[in-house]
1. Beyond 14 Å, how much of the Cα-Cα pair distribution for region C:210-252 remains, as a whole percent?
2. Just add up the charged neighbours of C:Arg107: K/R +1, D/E -1, any other residue whose Cβ is under 13 Å from the Cβ of C:Arg107.
3. Just to be sure I understand the curve: with the Debye formula and one point per C-alpha of region C:48-171, what is log10 I(q)/I(0) at q = 0.17, 0.19, 0.22 Å⁻¹?
4. What is the distance in Å between the Cα centroid of region C:31-76 and that of region A:114-179?
5. Take the Cα pairs of region A:1-126, get the Kirkwood Rh, then feed it into Stokes-Einstein at 10 °C and 1.306 mPa s and tell me D in µm²/s.
6. Averaging over all projection directions, find the projected area of the Cα convex hull of region B:270-319 and quote it in nm² with one decimal place.
7. Using only C-alpha positions, report the orientation-averaged shadow area of the convex hull of chain C, nm², one decimal.
8. Mean projection of the alpha-carbon convex hull of region C:130-215 over all orientations, in nm²?
Amino acid sequence: MILKVANITKAFGGLTALDDVSLGVATGSITGIIGPNGAGKTTLFNIITGLYTQTSGEVYLENKKISFFSPEALAALGLVRTFQNVELFGQMTVLENVMVGSHTKSSSGFLSCAFKFPRQIKEEKLIREKSMRWLEFTDLDDHAEMRADNLPFGKSRLLEISRAMALEPRVILMDEPAAGLNSRETLQLAKLIRQIKELGITVVLVEHDMDLVMDICETIVVLNLGKKLTQGTPREIQENPAVISAYLGVS
Amino acid sequence: MTKEKRQIFVFLIFALVLLTIPFLLRESYLLNVLVFIGIHTMLAVALNLLLGYAGQISLGHAAFFGIGAYMSGILTTRFALDPWLVIILAALSAAAIAFIIGFPILKLKGHYLAMATLGFGIIFYIIFNETVGWTGGPSGLSGIPNLQIGGIIFDNDICNYYLVWIITIAVMLLSINLSQSRIGRALRAVHDSEVAARVMGINAWVLKVQIFTISAFISAIAGSLYAHTMTFVSPTSFGFNFSVELVTMVVVGGLGSIYGSFLGAAILTVLPEFLRVFEDFDIIIYGLMLILINMFMPGGLISGFQLLAQKVALKIKGK
Amino acid sequence: MDNLYQYLLTGLSNGAIYALIGFGFAIIHNATGIINFAQGEFVMLGGMLALFFLVFCGFPLAPSIILSILIATVVGIIFERLAIRPLKNAKPIRLIIITIGASIFIRGAAMLIWGKDTHALPAFSGNDPLYIAGATIMPQHLWIFAVTILVIFSSRLFFNHTIIGKAMRACAYNAQAASLVGIDVRIMVMLSFSISAAIGSLAGIIIAPLTMTSYDVGIMLGLKGFCAVIIGGMSSGLGTVMGGLLLGLLEALGAGFISAGYKDAIAFIILLLILFFRPEGLFGKKETERV
């Protein structure tokens, strides 16, 4: 288990968004988190990645307790995420966006950057080359010098993945990566996610596109109304009557 | 020419032109104006690192300028310390103050940050006015010595010109380098999306404090140079209005452009000289500039220049 | 003891003014999320316009006040229409800069029109002190207290019991949802600017007889008003009043017993302390976190 969530509860004022949710993510797997709207999927992501603080419960990354860690500390430990609404650095170029991903993997300080010490020049060149490779990974290398907010939506999702990969993460959490993509782009995404897994990186995704989830995930966790409903293989999930009734709204 | 070579070329031309000006232009009044442009450029570049790159506003930057100027003034006139040593001391003190105040102040965002920095600036303005025993209060502090190296005393326009512009050009070069490095990218990332920057492992809070500190350091150096070239300082130069003027320089020239800061500083320094004919018009014109540039040219005047340069380049290529 | 009494009186009346100005900040902030740096200029406009009509044009008091408030309100509406509305979805930094630009512009225009001199507005009911229960009080103080109480109460009525007031609160809560139920958010924003300008100018008019007025009083008064609303918390109307009074009292006592020169610093030290340690204000509620 690379990532473990233990008894997470999150209350916003009187509203309980997550109620005692526990789950584990196997190292190197692709795990999907599904559930109807309002199930608490994004809230769970926000807690794991340090953007929200949970009311109670713990999060572990490879048995290290990471509850209440800041997003930047988690990034340094190799935990990265993408966003449902795509959070790019819009005024920077596509390449620069990916280069920011190398931040934790580089170390030049203010002085060496201002005075351009030889070591910094070397590091900068390395960052640039590596970033170009991550752009090639998502077929965005032709757009390297374009401003990020001029990218079409489908490509901006890919750029977000490139940028996350530049961090050389151990776990990547994707929040609805297929939302807004057409069917061709979704197929490309599925291929990309498999490639990421082949690099030894654990993928966790929240997704509404059931075909995609059933196709690529090894384990699926179902949340409903803030509670964990069940966890299992795609086949088990598809046959689980509780899941079906949760989605159909019958209880 | 690659992009990088072109940038070096532009910078060299820029530096060369500035350093040859005194050979072509001997008029003392104009050299004086240029000295001011240099000091203002330094300040605008310092503020731009914070405002244009990291996207964090400061409406109290005149305080750091004032700290530099007053420390230089007080320590050289009352304690007869070596002025060069004092410049470094003053810059370090301003940086230390910025560092300490930076942690709580840069937790704040947007409008609240603006108000807090403004309050900070006004507190220092009041201190400059009220600690009469040290600063001379509203009537100011005079008799600040000129700087000197070996036998050269920086007491005339040409000497001051080179003193100020060599340091300004160095500040510009270092800032350009910084802005194009991983740190510059991190700053711009924080500007565009703080959440995403943090998820990418950038400690936004600490980074903001660091750039705030550096910005204060540069501003204090500008303050010290101001004190030594003017040999007189008084609080009116370091009040809220000047803080706003600095923001205006950065916005008018172009947020996130080092050359833009030069342009903004030049325009806002020269403008009052022209407007002297219609005294009192400067305030209203600053206000108009801030509004109009912000609405119709968010990239500042420098972006207009760049567009023009591109068009010219295309035309030449076309022929 | 006499001194103390005077300090308290000055403190409370200044505090009431700060509260009114702060109220203007809160109305715009709650409707738009903007902190209007030009708020102080409405206060200045109130005082200068009243002076203009009353002293230079020789109009009677009541029409002078009404005309001044009307003109300041129109300036507020024009400001919203020309500078704020086109930038609706801009980042805070651009909105801050634009309101600063507007404030400089208004100040510069006032200076060109009325010059740089400082003027005193005649007190509304003369300068003969009143003796109430053995204590003296200037009639203008009574005016200030009365107007402040009136404004606070009527705005409470407005926001809690009229359709338009409720609609404005709905916009503050969730503009998108408000527009879905048929509220014209743009009109509500414009309304917030006009109410805010009206209250600001009114504050400027009633304080002018006590503190003098000139083209540049807006900066400090605006900042003090902001300080009041920060102490009280943006979300709390009563909190703003308490914040204003607290600030006014501390200032007056500080000026009286410590040093008049550092009087203005008190407001800003309080401002920084509150922003650092309790940004939701002393009387406000914590905002829930959002990403």
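Any read-out appearing in this document is the output of simple, stated calculations on the displayed coordinates, not a laboratory observation. What you see is a predicted model; the values in this text were computed from it and never measured. No Cβ is skipped: glycine too gets one built from the backbone with ideal geometry, and neighbour counts run over all protein chains shown.
1. Tail of P(r) above 14 Å: 50 percent of Cα pairs.
2. -3
3. -1.17, -1.22, -1.26
4. Region C:31-76 and region A:114-179 have Cα centres spaced 54 Å from each other.
5. Details: Rh = 17.0 Å.
Rounded, D is 94 µm²/s.
6. So the mean shadow area of the Cα hull is 4.7 nm².
7. 16.2
8. 7.7
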